[in-house]
Amino acid sequence: MHDYFAYLGISLRAMDSEVERTYQRVVQLLHPNCFPPTDPRQLEINRLLTESILPAYSTLRAHAVRAYYLETYRAHLLATVSASSLGHDASVARLATATSQAQLSALYEQEVSRCSQMLFSELDAYDERVARLSRLNTAFVIYSQHHRDTTVPSRPSKDPRPPLKAEQPQAPTKIDQLLSTAETLLKGGQASKALKMLQRLQVPEEQLQRYYRLVGRCYQAMGMPSEAFAQFQMALAHEQSRTPGKRTPVSQAPVLPGEPEPPSRLKQVIDWLNQPL
């Protein structure tokens, strides 16, 4: 399962403002057009943005989506990883010395801050540093369970910056319209534009499954199968959590129909005109 927190270099306890602030800083560091298109450095920047940064940001930026992803990620770790398999990483070993949940949280925040400082400074070392952060996140979840902590604790202090107006939850009817518009763009061959629209939404609980499936189809249409698979997993896990009697394996991605051929320009215009304002 992808560790989107490690991709951005933030802790599992990050708040909305920290996700947004980190993403803006990363985009400034990895400017999409700072090198010629064929330069190996530019190709590596494009890979990081499309395969790691954008999928992580689209999942973590919205509080409801981030909370559900964190719950799924934590359950996955507890079911598949044990304390004996964490290895001998120095950061992990430091977390193992904690005698309480409060001490563990403090050590964890310090280690994440230290490990993420140079995350984007050397592109060749990015994957290695992400793996180190992911081991740190895994250790924190496992050791938190040992301290009888049933959930990843939230920071006691409030977010000092008031939420932006654009980030306020939108009415379900408005969300329905926006999701339908994104679906129309996707069917019209504009997967990138649809994905950008979806990434700006604050999606309520009852619309999360549809949101995950749409994001997954966007990645699928853009030729990013691993990111699409991760979103389909989230959709399937959400469906299973809402229907306890269902026993569909979470590791199995739902079978979706292939992407339709782009419609004619006339039909595309008619589809857009028929969308509610």
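The values are calculated or read from the model by the stated rules, or taken from the named source; none is laboratory data. These numbers were taken from a predicted model, which means no experiment stands behind them. Methodologically, a virtual Cβ is constructed for each residue, glycine included, from the backbone with ideal geometry; neighbour enumeration extends over all protein chains shown. Surface areas here come from the heavy atoms of the whole protein model, side chains and all, with no ligands, DNA or RNA. Shrake-Rupley method; radii C 1.70, N 1.55, O 1.52, S 1.80 Å.
Figures for the structure shown
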| quantity | calculated |
| --- | --- |
| Spin-label proximity, Arg114 to region 74-88 - amide N less than 17 Å from point 7 Å beyond Cα toward beta carbon | 88 |
| Region 1-71, accessible area per residue, ligands and nucleic acids excluded (1.4 Å, Å²) | 43 |
| Net lengthening on full extension, Glu44/Ala67 (0.36 nm per residue, minus Cα-Cα) | 5.3 nm |
| Whole-angstrom Cα spans of region 53-98 along principal axes, big to small | 33, 22, 19 |
| Hull volume in cubic angstrom per residue (convex hull over the Cα atoms of region 1-104) | 138 |
| Protein accessible area in region 93-135, 1.4 Å probe - carbon and sulfur % | 49 |
| For a label point 7 Å along the Cα-to-beta-carbon line of Gln101, residues of region 3-43 with backbone N under 19 Å | 11-15 |
| Length added when fully stretched, Leu123-Arg94, from 0.36 nm per residue minus Cα-Cα | 7.8 nm |
